[in-house]
Amino acid sequence: MTEQNTDEILTAVDIVDQQRQLEQEAQQVLPGKFEKCTYDQGYIRQALYSCKTCYPEEKDLAGFCYSCSIACHADHELFELFPKRCFRCDCGIGRDNNDNDVSRCTLHDNKESNVNNKYNHNFRGRYCRCDKDYDPDQEDGTMYQCVVCEDWFHDRCIGELPADVEDFESYVCRGCTKQHPFLIQKPDNWISIGLSKNEEKIHRWVTAPAPPTTTITSSSGSDTATVVSGQKRKLDQVEKDEKKDDGEINSDSSGKKQQLEQQCGRVTYDNEENVELFLKEGWRSHLCQCKECAHAYKDHKIEYLLSEEETFEPEEDEDAGKSLVDAGMEHIMRMDRVQAMESIMAYKALSSQIKDFLQTFKDSGEVVTESHIRQFFAEKRLELATKKQ
């Protein structure tokens with residue numbers, strides 16, 4: 001028997017176990033189906049990827065949907081961009097100019113240029129106002145995505161968050177508050193504000209003030225209770241209203257209510273150069289809806305902030321959790337008779353070729369290694385590609 005490095009020796013059991021492990025890992029990393037490009041769905045919010053292999057620094061920026069990242073760019077150097085709104089898949093569009101360096105989209109033909117897509121430095125693998133390359137193996141901090149521009153920012157660049165701000169749900173960066181200053185509203189229990197100058201981190205925080213309290217003592221002097229003054233005033237007003245006759249109309253109260261509804265909640269910080277917002281759960285329902293702000297959302301094209309956005313998710317894969325063999329047999333059972341017979345014959349042909357290949361090692365006494373198996377399938381892929389041409 002030919003001497004071989006025992007570390008390279010693979011048994012049939014080893015190959016099956018490795019295949020099963022790879023299948024499980026693939027199902028976790030790549031959930032859902034990836035058979036259709038999202039191009040026909042138009043400009044939607046979806047998870048995106050950028051390909052450094054097809055679009056290096058000297059080329060235009062481009063982004064691809066989840067399916068194309070797997071079907072068309074699986075062996076390329078990709079940047080994961082996470083969800084971005086109003087974006088249509090760019091995969092293969094560069095080939096319209098006979099650019100052979102750009103991969104053809106294998107899932108969709110005849111794509112037109114996406115004139116409404118917007119790009120930033122994320123499509124080059126860079127993030128935050130520091131414009132640093134993102135390396136998941138080296139990054140040890142936390143990054144927060146701005147809910148407006150959807151760029152990502154390092155916690156070390158933002159600054160240390162106070163304990164009462166840490167549980168925020170959404171973040172608005174300083175660049176977006178400059179573009180949309182009407183988003184800056186007075187601090188409340190749903191919004192906290194961080195202030196800074198120049199390129200510095202946040203150095204001052206403005207949060208909701210603690211509500212004033214009032215101590216009430218009973219006539220006996222033995223019992224005391226502490227209540228929020230604002231709540232007490234509200235309760236006092238309710239008691240007064242309840243004492244009014246059912247038919248009585250409180251015009252003064254109605255006028256004050258209308259005036260309160262029209263009051264704008266925006267504030268400015270003239271002495272500070274940068275403003276960043278930290279919004280807690282349910283913040284959308286608190287956004288100022290006065291006439292002026294309502295127009296501002298439309299004029300600035302950020303009406304999407306007023307309601308929860310939908311993000312496209314790939315269709316669930318009914319074969320998830322099954323082995324490739326089981327899934328393959330189920331698909332064969334769903335085919336018509338001709339397709340099923342052709343598939344079975346192709347499988348038998350491949351099986352026979354594998355047996356003949358392994359027989360040569362049995363006859364020579366040579367040990368089959370992983371490199372032998374890889375070479376065998378590489379040759380088969382080359383034969384198949386040659387036949388298609």
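The values are calculated or read from the model by the stated rules, or taken from the named source; none is laboratory data. From a predicted model like this one, the values you see are computed outputs, not experimental measurements. When we count neighbours, we look across all protein chains shown, and the Cβ atoms used for this are built from the backbone with ideal geometry, even at glycine.
From the residues in the stretch 102-147 that are of a type in the set (D, E, K, R) and crowded, with 17+ Cβ neighbours inside 10 Å, which one is nearest to the chain's Cα centre (by Cα)?
In the first step, residues of the stretch 102-147 are kept if they are of a type in the set (D, E, K, R); the result is 104, 109, 111-112, 118, 124, 126, 129, 131-133, 135, 137, 139-140.
Still in the list and also crowded, with 17+ Cβ neighbours inside 10 Å: 111, 124.
On the way: Lys111: 24, Arg124: 17 Å.
Per the criteria, the residue is Arg124.
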Original post:
Which pairs do you get when a residue that is closer than 15 Å to Leu350 by Cα, found in the stretch 361-378, comes within reach of a residue that is part of a loop (DSSP other than H, G, I, E, B), reach meaning Cβ atoms under 9 angstrom, with the pair 6+ apart or on two chains?
Top reply: Ile373/Leu10
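Which one of Leu358, Leu384, Leu350 is modelled with pLDDT under 75, assigned to a helix (DSSP H, G or I), on the phi < 0 side of the Ramachandran plot and among the aliphatic types (A, V, I, L, M)? Please lay out each step first, then the result.
On the way: Leu358 fails: modelled with pLDDT under 75; Leu350 fails: modelled with pLDDT under 75.
Only one candidate qualifies: Leu384.
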**OP:** Pull up the stretch 69-93, narrow it to residues that are in a strand (DSSP E or B) and among the aliphatic types (A, V, I, L, M), then point me to the one that is surrounded by the fewest Cβ atoms within 10 Å (Cβ to Cβ).
**Re:** Leu78
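Quick check: anything in the stretch 322-339 in a loop (DSSP other than H, G, I, E, B), in contact with a Phe, Trp or Tyr (Cβ under 7 Å, 6 or more places away or on another chain), modelled with pLDDT of 65 or more and surrounded by 12 or more Cβ atoms within 10 Å (Cβ to Cβ)? Outline the logic, then answer.
Step one: list which residues in the stretch 322-339 are in a loop (DSSP other than H, G, I, E, B), which gives 322-323, 335-336.
Remaining after also requiring in contact with a Phe, Trp or Tyr (Cβ under 7 Å, 6 or more places away or on another chain): none.
No, because not a single residue in the stretch 322-339 is in a loop (DSSP other than H, G, I, E, B), in contact with a Phe, Trp or Tyr (Cβ under 7 Å, 6 or more places away or on another chain), modelled with pLDDT of 65 or more and surrounded by 12 or more Cβ atoms within 10 Å (Cβ to Cβ).
To keep it simple, each residue is scored yes or no on (1) touching a residue at least 40 places away in the same chain (Cβ under 8 Å); (2) of a type in the set (D, E, K, R); (3) within 17 Å of Cys288 (Cα to Cα).
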| residue | (1), (2), (3) |
| --- | --- |
| Cys146 | no, no, no |
| Asp151 | no, yes, no |
| His154 | no, no, no |
| Glu169 | yes, yes, no |
| Gly175 | yes, no, no |
| His180 | yes, no, yes |
| Ser192 | yes, no, yes |
| Glu199 | yes, yes, no |
Original post:
Would you call Glu112 free of Cβ contacts under 8 Å to residues at least 40 places away in the same chain, under 19 Å from Phe87 (Cβ atoms) and assigned to a loop (DSSP other than H, G, I, E, B)?
Top reply: yes
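Among the residues of the stretch 89-103, is any closer than 26 Å to Phe168 by Cβ, in contact with a Lys or Arg (Cβ under 7 Å, 6 or more places away or on another chain) and of a type outside the set (A, V, I, L, M)?
If we filter the stretch 89-103 for residues that are closer than 26 Å to Phe168 by Cβ, which is where we start, we get none.
No, the conditions are met nowhere in the stretch 89-103.
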**OP:** Pull up the stretch 91-127, narrow it to residues that are modelled with pLDDT of 85 or more and small (Gly, Ala, Ser), then point me to the one that is nearest to Ile158 (Cα to Cα).
**Re:** Gly125
**OP:** Looking at (1) surrounded by 20 or more Cβ atoms within 10 Å (Cβ to Cβ); (2) more than 22 Å from Lys301 (Cα to Cα); (3) polar (S, T, N, Q), find the lone condition where Gln46 falls short.
**Re:** (2)
Subject >> Residues (within 19 Å of Arg284 (Cα to Cα) and touching a residue at least 12 places away in the same chain (Cβ under 8 Å)) located in the stretch 156-167 >> reply: Val165, Asp167
**OP:** Take the residues in the stretch 263-285 that are surrounded by 15 or more Cβ atoms within 10 Å (Cβ to Cβ) and among the acidic types (Asp, Glu), then tell me which one is farthest from Lys186 (Cα to Cα).
**Re:** Glu272
**OP:** Could you tell me whether the stretch 139-147 includes any residue that is within 20 Å of Ala47 (Cα to Cα) and not in a strand (DSSP E or B)?
**Re:** yes
